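In what follows, a single structure is set out as structure tokens and then discussed.
The numbers here are math on the coordinates, done by the rules we state, and not lab data. None of these values were measured; they are calculated from a predicted model. Note that we place each Cβ from the backbone using ideal geometry, even for glycine, and neighbour counts take in every protein chain shown.
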Amino acid sequence: MLDINAIRADFPILNQKVNGKPLVYFDNAATAQKPKVVEKAIIEYYETINANIHRGVHTLSQLATDAYEESRKKIQHHVNAKSDKEIIFTAGTTFGINLVANGFSSFLKKGDEILISAMEHHSNIVPWQFACERSGASLKIIPMNEEGDLILEEFDKLINSNTKMVAVTHISNALGTVNPIKYIIDEAHKVGAAVLIDGAQATPHIKPDVQALDCDFYVFSGHKICGPTGTGILYGKEAWLDKLPPYQGGGEMIKTVTFEKTTYACLPHKFEAGTPNIAGGIVLGYAIDYLNGIGFDKIKAYEKDLLDYGTKKLLEIEGLKIYGTAKEKTSVISFNIQGLHPYDIGVIVDKLGVAVRTGHHCTQPIMDFYGIPGTVRASFSFYNTKEEIDILIEAVKKAKQMLS
Ligand code: PMP
């Protein structure tokens with residue numbers, strides 16, 4: 001069991017009033033709160049070893065470089081990558097997908113196909129549209145059903161020898177669905193396609209094992225796993241990262257530069273042009289340590305309990321419909337109340353101290369599928385409680401009463 005009181009004491013932000021009411025933070029799928037160890041590590045970095053990395057002979061630069069590279073190794077072990085060369089620091093999931101899609105477009109030609117799913121975040125749609133526009137390849141979509149599960153029979157029909165890349169989300173940010181990515185990866189590899197997994201919503205709940213999954217790329221954001229904003233990771237198999245052209249040019253990513261020709265640095269530096277988010281990269285390692293210290297098994301069990309409780313309680317409200325009822329889902333509940341606009345519900349519950357997200361959640365195709373403008377989304381983390389869910393329920397009931 002989690003020691004919830006000890007955990008909540010690690011997150012000072014939770015212990016405050018918003019609009020005169022105790023804050024109930026249920027917007028965790030958008031970004032997670034940061035524990036004290038992460039906050040302290042940021043301050044400690046700037047107070048003790050702040051220096052530019054990889055290029056200084058002086059002691060501070062070496063200390064900062066060591067801390068940055070240690071963090072890379074920590075993340076390598078966390079996702080079980082073969083080598084730390086396969087771990088690229090990025091600014092987040094969006095950056096990682098753009099990096100891969102941009103480089104991958106140079107391998108594509110007319111007639112090639114990219115397969116994504118109906119439940120992708122815009123950041124796993126638009127970069128592939130760019131890649132298709134640039135190369136003449138076409139974008140194909142794995143459809144989903146009413147419950148919010150991908151229709152695998154349709155995936156089986158869509159995948160063929162023209163498929164060059166399959167890019168799917170591990171877990172849907174709007175519905176919470178956990179996708180059968182191992183099956184998708186294995187089937188894609190049978191036709192020689194590469195696979196990119198968007199792990200932005202999975203990494204807060206699951207410790208990914210990239211070797212067991214055998215995915216070619218796995219991307220995630222630091223800010224969703226209790227780390228700083230502006231941090232993220234792109235894992236790529238070494239062979240793929242070797243093949244992929246660099247994304248940005250500049251310092252750090254080169255071996256030699258003349259006006260006639262530039263040669264590139266080895267992995268991982270080939271993809272890390274310019275001064276990186278040094279403090280962010282180092283502190284991301286602290287965030288991962290913090291989560292591992294609690295344990296992902298415990299996090300998963302605790303959040304499942306919150307999900308079951310929240311689902312049951314919300315469904316007791318007349319006229320409330322939940323979108324995303326897959327058997328395997330994480331602690332995200334998207335809902336609407338008949339006749340009410342999600343935005344209006346969000347504004348009223350905020351006045352009562354409850355932070356939820358409203359809108360399309362950067363997944364407009366999902367909203368189009370259900371024929372709705374958006375949903376109210378409550379997403380729970382391991383630092384939330386059932387008592388907070390009770391407050392949400394009362395707030396939603398009040399909103400319903402006021403708006404009806
Ligand atoms: N993919 C998914 C599934 C997400 O939930 C998000 C963040 N909402 C992203 C990609 C983009 O992440 P970021 O904004 O951190 O780059």
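Points to keep in mind about this one:
- Within the straight-line cut-off of under 16 Å between alpha carbons, the aspartates and glutamates reachable from LYS386 are ASP3, ASP27, GLU303, ASP305, ASP308, GLU316, GLU394, sequence neighbours fewer than 8 places apart in one chain being disregarded.
- Reciprocal mean inverse distance between Cα atoms of segment 89-222 - Kirkwood radius, Å: 14.6
- About the Cα centre, charge dipole magnitude for the chain (Lys/Arg +1, Asp/Glu -1 at Cβ), debye: 420
- 3J(HN,Hα) from dihedral phi, segment 15-31, Karplus parametrisation 6.51/-1.76/1.60, rounded to Hz, x for glycine, proline: 8, 8, 9, 10, 6, x, 10, x, 5, 10, 9, 10, 10, 5, 6, 7, 7
- Under the convention that each Lys and Arg Cβ holds +1 and each Asp and Glu Cβ holds -1, the size of the dipole of segment 97-182 around its Cα centre is about 500 debye.
- Chain lengthening between VAL37 and ALA301 when straightened (0.36 nm per residue, less Cα-Cα): 92.7 nm
- In segment 275-404 the Cα-Cα distances spread across 10 Å bins starting at 0 as 11, 37, 30, 17, 5, 0 percent of all pairs.
- Along each principal axis, Cα extent of the chain, largest first, Å: 71, 55, 35
- Considering only GLY274, HIS78, ASN145, the residue lying farthest towards the positive end of the dipole of segment 39-293 is GLY274, judged by Cα position with unit charges set on Cβ.
- Sorted by Cβ density within 10 Å, fewest first, the residues GLU113, GLU120, GLU133: GLU133, GLU113, GLU120
- 29 Å Cα-Cα reach of LYS164 towards lysines, excluding residues that sit fewer than 8 places from it in its own chain: LYS82, LYS85, LYS109, LYS110, LYS140, LYS182, LYS190, LYS207, LYS237, LYS243, LYS270, LYS329
- DSSP bridge pairs, segment 39-293: antiparallel proportion in percent, nearest 5: 45
- Ranked list, fewest to most other Cβ atoms within 10 Å of each Cβ, for MET1, MET402, MET119: MET1, MET402, MET119
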